[in-house]
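Comments concern the structure below.
The values are calculated or read from the model by the stated rules, or taken from the named source; none is laboratory data. Computed from a predicted model, the values in this text were never measured in an experiment. Cβ coordinates were reconstructed from backbone atoms using ideal geometry, including for glycine residues, and neighbour counts include every protein chain displayed. The area values use the complete protein model at the heavy-atom level, side chains included, leaving out ligands, DNA and RNA. Shrake-Rupley method; radii C 1.70, N 1.55, O 1.52, S 1.80 Å.
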Amino acid sequence: MGLERTAGTPFVPDDVSDVMVVAGPARSYRNNVHEEVKLVQVTGSGFIVRRRGTVHRAASGELIALHADDTHSGAPDDLDSGNWRMMCLSPSLIAEVTPSAAMRFEDVVIGDRHLANHFRALHTVLYQPGGGPGSALSREGGLLEFVSALALRADRPEPPEAGRVGRIAEIVRDYLRENVSRNVMLDELTGVTGTSKYQLVRACTAHFGLPPHKLHVRLRLDYVRWMLRRGADITEIAYATGFHDQPHLTRVFTAAYGITPANYRSSFLGTARRNWTSAAAQERTRPTEPSASNVFVRP
């Protein structure tokens with residue numbers, strides 16, 4: 001089947017569970033953050049990514065690589081003609097090839113036409129339904145081959161001081177994720193990081209591109225998507241994640257992703273009923289049933 005069969009619908013291949021692919025009209029979005037490595041290729045239009053105050057411009061057909069836990073916004077030059085192919089690589093898949101911390105891209109536009117063509121061919125293959133005997137092995141092998149090639153384009157490890165900032169920021173992120181459904185105060189974060197409020201805010205903003213309170217909202221949104229992919233009731237999701245109500249959740253979700261929670265859930269379940277169950281996803285410290293004291297809020 002071609003790319004048009006489920007335009008804009010997230011799709012997990014039946015035989016390759018640690019990658020999700022999307023194809024369809026390119027959309028605008030803002031302040032996204034995610035645990036996966038996200039790859040985007042837009043055709044029919046250029047595409048702009050804004051990250052940490054820098055604007056990155058990709059020409060039609062160029063490959064965009066966005067590493068995990070790095071806030072960014074994006075928009076096609078032309079909403080009417082732009083179409084994108086998107087691929088999200090789970091942390092467990094990245095770990096098969098290289099440490100997740102090494103898969104970072106300072107310049108999000110990869111100027112490698114061969115790699116862009118490799119991505120397009122792989123995306124097309126993964127977007128097909130499962131084939132005959134040996135197809136799963138071929139698709140998994142092709143995916144790992146591509147991730148290995150992508151890793152060669154990643155940046156070098158950060159200097160020691162940046163590593164310290166990163167560790168503080170990751171402690172903040174992990175704590176916020178563990179307490180995704182309730183309000184968290186800066187005093188709590190200073191206690192778990194052993195730093196001042198000023199230091200932890202600076203570290204979080206430098207590493208993720210967002211201060212702690214905005215990062216918390218993004219983590220809540222990430223959890224909302226996780227629950228929607230499993231078909232959870234939207235009203236229950238809003239309650240479990242600390243939004244005031246379903247309309248509040250819908251406003252924030254639509255502003256962030258350009259699609260309503262209801263459409264996201266129905267489109268995903270329509271093509272990928274199976275869960276996005278990578279080993280890394282199972283290892284995430286997330287409340288499966290937020291307690292009454294936990295309230296989740298999302299952007």
Per its Cα gyration tensor (rounded if a/c is under 1.5, else prolate when a/b beats b/c, else oblate), the range 1-95 is best filed as oblate
His248 and Arg164 label points (each 7 Å along its Cα→Cβ direction) are spaced in nm at 3.9
Residues other than Asp15 with Cβ under 10 Å of its Cβ, Lys/Arg counted +1 and Asp/Glu -1, net out at -1
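Where in the range 10-91 are there GluC sites (Glu not before Pro) that are in a DSSP coil and have at most 16 other Cβ atoms within 10 angstrom of their Cβ?
Numbers: sites: Glu35, Glu36, Glu62; in loops: Glu35, Glu36, Glu62.
In loop regions of the range 10-91 (DSSP not H, G, I, E or B), there are no sparsely surrounded GluC sites (Glu not before Pro).
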Using a 1.4 Å probe on heavy atoms of the protein chains only, the accessible area for Ile171 in Å², nearest 10, reads 70
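Need the full-extension length gain, Thr98 to Arg202, defined as separation in residues times 0.36 nm minus the C-alpha distance. One decimal, nm.
Working: separation 104, 0.36 × 104 = 37.44 nm, distance 2.79 nm.
Taking Thr98 through Arg202 to full extension adds about 34.6 nm, to one decimal.
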With all protein chains present and a 1.4 Å probe, the order of Val12, Val252 from largest accessible area down is Val252, Val12
If R0 = 45 Å, then Asp78 and Leu152, at their Cβ-Cβ distance, give a FRET efficiency to the nearest 0.05 of 0.90
